[in-house]
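This report refers to the structure that appears directly beneath it.
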């Protein structure tokens, strides 16, 4: 497990996501003025020009947008086969998160997914499994 | 009808060059760049001292001053770089066009050189050697690499699965693209896959790398280099070979494009909406042409699915119908749009899109190993989906 990469969690724009995951919460950045979801997280809203944005808790549920199962070792720590899922957040449609699943799980497009929280080093990753 | 673009046919490719393509060149990227550049300069009937502008790709190890020194160029008045990576080549030509039209240079050399197999292998991702915490500083890689999403192949595989889901695209349709490129490579003695035929049975026997994409849906990894020389249309008239006019060139992004490199593309509101739609619209406007005017195309083909979606984005078929178009025969010799006539990234060699420009120019000079009879125009596209760029070339 020590080979698995650790995310940067103290970036000025994205750190709030990792603070939330450490609390077992999924949180997205949202514009206070026009309510656009600013994902991937950033402060300034390119839709309306507002500097006012904040972190908002969302339900830890989503739907499966697409996935791929990888059969080659691309990086130490990720033993093939393994699967990467891309999940649309139910509370923030169009905002997506990826997750790792070992092996070749039985998946269907559009299936319901739920978040699980995986400790890794001093950080916590949001992962996704079939609901 | 909008006013004609000032750059239309104002500049021309006058020389092309490339090295051999291999898995182990045994040479430095500087040597490869020098070989390809000298070939392109000689093809233009020029001497290295005639080159006063150089444009490179941001991923290239070789810099403008490395190459100028290697070639013995002493009067360099313009240089630039473009990227990221494979999205660069057409845009690099665009920088050359700008430099020529504004009088900042008279003859511009555009090149790409890489030991893409024996050196740094892009297919394992840009961060393959990174240690310590991953991401931050606007890269957003903290949302991808810790989950095992590290390579462009995985990203395109996920887009391919989505395209299959939305439109019923099939593996056989991807296979038709792989086979078309391979057949063209089989006619090209310099192609890495020159003597390796591919059938549909062979396609299905190829191992899955990241589902649904197989090894033969992936481009090659190549050691090699390509270069072209570009000048103004009036100077091009004095060169030994027929000029190949640049009728249009552009770069493009889409709204909500996302920052970072490849994987953040998946976080766009609609990941299937690609900037090639914008490049297509601008190229047709600038050239005064439409898809029906294009005789042959060199599509950037990091993966078969990348070509399939561009059939739609460049208007050769309706949205969602890239699959049926791929297996219609249109992309074969004698079809309405023969593609990737040297074999492309998939079967000629992966020079990050630069070989597509070389082959586009050769088609319009009658020098291709899969010559399209009577070809007057060629579309050339560069990498996507982060940003992209493209060219329309016209026979001189």
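The values are calculated or read from the model by the stated rules, or taken from the named source; none is laboratory data. Fair warning: this is a prediction, and the values are worked out from it, not measured in the lab. Cβ atoms come from the backbone with ideal geometry, glycine included; neighbour counts cover every protein chain shown.
A residue that is within 26 Å of residue B:163 (Cα to Cα), touching a helix residue (DSSP H, G or I) at 6+ places or on another chain (Cβ under 9 Å) and in a strand (DSSP E or B) cannot be found anywhere in the stretch B:351-369. Restricted to the stretch A:20-48, and to residues there that are in contact (Cβ under 8 Å) with a residue 24 or more places away in the chain, more than 17 Å from residue A:99 (Cα to Cα) and surrounded by fewer than 20 Cβ atoms within 10 Å (Cβ to Cβ), the residue that is nearest to the chain's Cα centre (by Cα) is A:42.
Of the listed requirements (1) free of Cβ contacts under 8 Å to residues at least 12 places away in the same chain; (2) closer than 23 Å to residue B:370 by Cβ, residue B:318 misses just one: (2). Residues in the stretch A:12-55 that are touching a helix residue (DSSP H, G or I) at 6+ places or on another chain (Cβ under 7 Å) and under 19 Å from residue B:147 (Cα atoms): A:14, A:26, A:27, A:39, A:40, A:41. For the stretch B:181-200, indicate whether the set of residues that are in contact (Cβ under 8 Å) with a residue 24 or more places away in the chain and more than 24 Å from residue B:297 (Cβ to Cβ) is non-empty. Checked against the condition, which is being in contact (Cβ under 8 Å) with a residue 24 or more places away in the chain and more than 24 Å from residue B:297 (Cβ to Cβ), the stretch B:181-200 yields no hits at all. Exactly one residue out of B:86, B:98, B:94, B:125 is surrounded by fewer than 20 Cβ atoms within 10 Å (Cβ to Cβ) and either away from every other protein chain (no Cβ under 14 Å) or more than 22 Å from residue B:25 (Cβ to Cβ) (or both): that is B:98. Residues that are in a strand (DSSP E or B) and within 9 Å of another protein chain (Cβ to nearest Cβ) were ranked within the stretch A:116-125; the one that is farthest from residue A:84 (Cα to Cα) is A:123. Checked against the criterion of being more than 14 Å from chain A (Cβ to nearest Cβ), touching a strand residue (DSSP E or B) at 6+ places or on another chain (Cβ under 9 Å) and part of a helix (DSSP H, G or I), the candidates B:185, B:180, B:176, B:248 yield just one match: B:180. If the condition is being closer than 30 Å to residue A:75 by Cα and out of contact with any helix residue (DSSP H, G or I) (no Cβ under 8 Å at 6 or more places or on another chain), then the stretch B:158-199 contributes B:161, B:162, B:164, B:165.
Can you name the residue in the stretch B:251-265 that is assigned to a helix (DSSP H, G or I) and out of contact with any helix residue (DSSP H, G or I) (no Cβ under 6 Å at 6 or more places or on another chain) and is also nearest to residue B:230 (Cα to Cα) among such residues? Restricting to residues being assigned to a helix (DSSP H, G or I) and out of contact with any helix residue (DSSP H, G or I) (no Cβ under 6 Å at 6 or more places or on another chain), the top hit is B:265. Scanning the stretch A:88-106 for residues that are facing chain B (nearest Cβ under 10 Å), surrounded by 16 or more Cβ atoms within 10 Å (Cβ to Cβ) and part of a loop (DSSP other than H, G, I, E, B), we see that the one that is modelled with the lowest pLDDT is A:94.
Test residue B:135 against the criterion of being at the interface with another protein chain (Cβ under 7 Å from one of its Cβ atoms) and touching a strand residue (DSSP E or B) at 6+ places or on another chain (Cβ under 8 Å), and give yes or no.
Judged against the criteria, residue B:135 is a match.
When the test is whether a residue is modelled with pLDDT under 95 and more than 7 Å from chain B (Cβ to nearest Cβ), residue A:32 does not pass it.
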